[in-house]
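Shown next, in structure tokens, is the structure this report addresses.
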Amino acid sequence: MGETSLKEKTSRGLFWGSINNGLTQVLNLVFGIFLARRLSKADYGILAIISVFTLVAGCIQAAGFSQALANMKKPTHREYNAVFWFNVLAGITLYAVLFFCAPLIASFFHEPLLVDVSRFTFLAFLISAFGIIPNAYLWINLRIRELAIANFCALVISGLTGIWMAYHGYAYWSLATQQVMYILVANIVKYYFTRWCPTLPVDFRPIRDMFRFAVKVLVTNILTTVNQNVLTFIFGRLFPIRTVGTYSQANKWNTMGHMFISGTVNQVAQPVLAAVADDDERGLRVFRKMMRFTAFLSFPIMLGLAMVAYEFIILAITDEWAACVPLLRILCVGGAFLPFYILFQNIAISHGRSDVYLWCSVIQIVLQLAIILVFYRWGITVMVMAYSISNVLFLLVWHLFTRQLSGLSLIQLMKDVGPFFLIAATVMAGTYLLTRSITALWLLLLVRILVAGTAYLLALKLLHAEILNECMQYARGLVKKKK
């Protein structure tokens, strides 16, 4: 793939990735507002607890084979078909295991309601087993537009279903049904775009060839998932279900923010980095550009969300959820650095070093568990603060483990990331101080967004930020094509 062709595909992928994730988070915002106004903290707490099991089961079912397929130069129907049937068999087995484990889960968290709702919610990952290959096919071939359309359709249908059920008194069942419906609709649309069909008989030899690489990714994905949800799991055991719901609400908005950036970058990172893995100079150039693009988006979005957390929560989901504001602000600071993890993870995987990905995740989860053991006695706020600080500092560990693969020095990392952080932090702090005399919350929210956004872009323009110029050039190119 030539450099021009790769650049065009990367730009197009990032564009559609941003559209996809932007629409996703906007729709999640709208549906989240309606649902949070109708449902209780306990409803959110129930679904937050079992989400850990669903996500881990989903990792086991996917087993890292999507990444293994992406690392192949030209995967064929033989490889896709083998992975499909493996995923389906794994999905059926895991659902059966979790179905019979539901009473144990309910007993552990002292919540009998979890038996029936968990058995229903676990259907989401069983259904997703049938959609992993169409999703992988679109992702590997950088068909991000089709993925965006599939996710949009799934979000609209599942969101409207959840709202209808919430307003008709189905409580936590509306959240559970929303999750299952999303996976079902997304699968249907992805099959429509790929027109891919499984066949019999099945040759499982490709699974054996990919297994060594895939199992490391599998273990790592499980550890990453546990790490990202460990606080919810621990809180579910230590605190009342309403407290879990408060944290879950704060973490939901934080996750929506950093997943917009992470999802945008992740949809192109591995295929693109794998394409340049054999050219060190070109690979470093591509990696640094992705790093700057991530910093360009992540810091203003996440630090901006922290700045407007109070007025946003009160206006969107009422003062009943005011207790989650301090947690949201703390989480947003740590969340601003999480999208960079995606780049480091993908540079390791694109070089076939799933072991690096594995060991970094092992170290991080051990660190997180240590933090929980040390700080839990001081309460939920202190735990969340320590957790967020560790997310910031652990970026240096990722760099240490991957610097030989990426060729990125610590000084280059600081040059690529540091200026965007300093500009965004300065702009948000200045905007907060300048606007704090405004008492009307709607006006305060609007003014802060407009002032901060304008000041951030103006500062980058005055400093001749290359990534801003490239984004503007690409946008102008799209306008010209339409004309």
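The values are calculated or read from the model by the stated rules, or taken from the named source; none is laboratory data. Nothing here was measured: the structure is a model prediction, and the numbers come from that model. Counting neighbours? That spans all protein chains shown, and the Cβs are built from the backbone with ideal geometry, glycine included. Note: accessible area is taken over every heavy atom of the protein model, side chains too, but ligands, DNA and RNA are not part of it. Shrake-Rupley method; radii C 1.70, N 1.55, O 1.52, S 1.80 Å.
Kindly establish whether Val392 is surrounded by fewer than 19 Cβ atoms within 10 Å (Cβ to Cβ), assigned to a helix (DSSP H, G or I) and among the β-branched types (Val, Ile, Thr).
Spelling it out, Val392 is indeed surrounded by fewer than 19 Cβ atoms within 10 Å (Cβ to Cβ), assigned to a helix (DSSP H, G or I) and among the β-branched types (Val, Ile, Thr).
Cβ-Cβ below 7 Å, separation at least six or inter-chain, first residue in the stretch 179-191 and buried (at least 20 other Cβ atoms within 10 Å of the Cβ), second aromatic (Phe, Trp, Tyr) and at pLDDT below 90: which pairs?
From residues that are buried (at least 20 other Cβ atoms within 10 Å of the Cβ), the pairs are Asn187/Phe130.
Can you spot a residue in the stretch 372-385 that is in a helix (DSSP H, G or I) and under 27 Å from Arg292 (Cα atoms)?
yes
Name the pairs: first residue in the stretch 102-115 and acidic (Asp, Glu), second residue surrounded by 14 or more Cβ atoms within 10 Å (Cβ to Cβ) and part of a helix (DSSP H, G or I), Cβ to Cβ under 9 Å, at least 6 apart or on different chains?
What qualifies is Glu111/Gly45; Glu111/Ile46; Glu111/Ile49; Glu111/Ile105; Glu111/Gly236; Glu111/Ile241.
Hey, Gly352 hits all of (1) under 19 Å from the mean Cα position of the chain (by Cα); (2) in a loop (DSSP other than H, G, I, E, B) but one; which does it fall short on?
The single condition Gly352 does not satisfy is (1).
Tally the residues that are over 25 Å from the mean Cα position of the chain (by Cα) and touching a residue at least 24 places away in the same chain (Cβ under 8 Å), restricting the search to the stretch 87-101.
Selection size over the stretch 87-101: 1.
Can you tell me how many residues within the stretch 279-296 are open to solvent by 30 Å² or more (accessible area, probe 1.4 Å) and of a type in the set (Gly, Ala, Ser)?
Residues that pass the stated criteria total 0.
Kindly evaluate Phe299 against the criterion of being farther than 23 Å from Leu138 by Cβ, modelled with pLDDT of 70 or more and open to solvent by less than 30 Å² (accessible area, probe 1.4 Å).
yes
Among Gly352, Gly407, which is at positive phi and surrounded by fewer than 16 Cβ atoms within 10 Å (Cβ to Cβ)?
When all the criteria are applied, what remains is Gly352.
Need a quick list: helices (runs of 4 or more DSSP H) entirely within the stretch 60-125 having at least 1 residues that are of a type in the set (Lys, Arg) and modelled with pLDDT of 90 or more.
So the answer is 114-121.
What are the pairs with Cβ atoms under 9 angstrom where one residue, in the stretch 305-327, is open to solvent by less than 40 Å² (accessible area, probe 1.4 Å) and the other, located anywhere, is part of a helix (DSSP H, G or I) and acidic (Asp, Glu)? Sequence gap at least six, or different chains.
Filtered contacts from the stretch 305-327: Ile313/Asp319.
Just to be sure before I move on: is Trp139 aromatic (Phe, Trp, Tyr), part of a helix (DSSP H, G or I) and under 26 Å from Ala102 (Cα atoms) in the structure I sent?
No; evaluated as a whole, the condition is false for this residue.
Just to be sure before I move on: is Leu446 in contact (Cβ under 8 Å) with a residue 12 or more places away in the chain, out of contact with any Gly (no Cβ under 6 Å at 6 or more places or on another chain) and of a type outside the set (Asp, Glu) in the structure I sent?
No, not satisfied.
List the number of the failed condition for Ala57; all other conditions in (1) modelled with pLDDT under 75; (2) hydrophobic (A, V, I, L, M, F, W, C); (3) open to solvent by 20 Å² or more (accessible area, probe 1.4 Å) hold.
(3)
Restrict the check to the stretch 169-192 and report whether at least one residue is out of contact with any helix residue (DSSP H, G or I) (no Cβ under 7 Å at 6 or more places or on another chain), in a helix (DSSP H, G or I) and more than 29 Å from His77 (Cβ to Cβ).
No, the conditions are met nowhere in the stretch 169-192.
For Ile347, indicate whether it is open to solvent by 20 Å² or more (accessible area, probe 1.4 Å) and touching a residue at least 24 places away in the same chain (Cβ under 8 Å).
Judged against the criteria, Ile347 is not a match.
Examine the stretch 256-268 for a residue that is open to solvent by less than 40 Å² (accessible area, probe 1.4 Å), modelled with pLDDT under 65 and touching a helix residue (DSSP H, G or I) at 6+ places or on another chain (Cβ under 9 Å), and state whether such a residue exists.
There is at least one residue in the stretch 256-268 that is open to solvent by less than 40 Å² (accessible area, probe 1.4 Å), modelled with pLDDT under 65 and touching a helix residue (DSSP H, G or I) at 6+ places or on another chain (Cβ under 9 Å).
Which residues, counting only those in the stretch 149-160, are over 16 Å from Tyr191 (Cβ atoms) and at pLDDT below 85?
None; the set is empty.
If you check every pair at least six apart or on different chains, which have Cβ atoms under 6 Å apart with a residue in the stretch 22-49 that is within 18 Å of Ile157 (Cβ to Cβ) first and a residue that is open to solvent by 30 Å² or more (accessible area, probe 1.4 Å) and at pLDDT below 80 second?
Close Cβ pairs satisfying both conditions: Gln25/Phe260.
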